[in-house]
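Everything on this sheet refers to the single structure shown next.
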Amino acid sequence: MLETGIDIVEVVRIKKSIQSSDRFTKRIFHKNEIEYCRSSATEYQNYAARFAAKEAIRKILLDHIQHNILKWKSVWVENNQNGKPILKFSEEILSKINIKNCSLSLSHIKELAIASVVMEFEMMNN
């Protein structure tokens, strides 16, 4: 199965959510994402891009995986050795799908962040 997901986010919306409650950050973002974003001069743009990536992957997987398994922190963004953002998946997600290929593209400007995901996968027979 080959599917795509895309999402765009207003940076100010994510910034307000983060600044109003530490609970939002801890509920949505993986510890590696928080560490990366907090260490960046473009902290809120990076958070927004990662939020957009989570929304894009949810658009792909929600028809295939139960909502209670697809938690916000069960998919997260890390950068590979070349700095390219890649998606990481929890063991619980990987027990449900066999990912053959997955491509992530993130971009942001001061006001907006966007993420695009193309994923080829098969459902596991559990």
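Dividing the summed -39500 (n - 2.57) terms of all DSSP H runs of n ≥ 4 by the residue count of the chain sets its mean residue ellipticity at 222 nm at -11000 deg cm²/dmol. Kirkwood analysis of the Cα pair distances in the chain returns a hydrodynamic radius of 14.7 Å. Against the chain, whose longest principal axis is taken from its Cα atoms, helix 43-61 shows a tilt of about 20°.
Other residues whose C-beta falls under 10 angstrom from the C-beta of Ile69 contribute a net charge of +1, scoring Lys and Arg +1 and Asp and Glu -1. In a simple Cβ point-charge model (Lys, Arg +1; Asp, Glu -1; nothing else charged), the chain has a dipole of about 440 debye relative to its Cα centre. The number of Lys pairs in segment 2-123 with C-alpha atoms less than 15 Å apart, excluding pairs fewer than 8 positions apart on the same chain, is 20. Residues whose amide H falls under 5 Å from that of Lys96, counting only those 5 or more places apart or on a different chain, are absent, with hydrogens built in the peptide plane.
Relative to the current alpha-carbon distance between Met123 and Ser21, full extension at 0.36 nm per residue lengthens the span by 33.1 nm. Determine, from the Cβ-Cβ distance of Asn32 and Ser95 and an R0 of 30 Å, the FRET efficiency 1/(1 + (r/R0)^6), rounded to the nearest 0.05. Given R0 = 30 Å and the Cβ-Cβ separation, E is 0.90. Over what distance in Å are the Cα centres of segment 11-36 and segment 80-112 separated? Centre-to-centre (Cα) distance: 18 Å. Considering the dipole of the chain built from charges on the beta carbon (Lys and Arg +1, Asp and Glu -1) around the Cα centre, which of Leu70, Ile28, Ala56 is farthest to its positive end? So the residue we want is Ile28.
Since every read-out is calculated from the coordinates, none of them should be taken as a lab result. Here the structure is a predicted model, which is why all the values come from computation and not from measurement. Note that each Cβ is placed from the backbone with ideal geometry, even for glycine, and that neighbours are counted across all protein chains shown.
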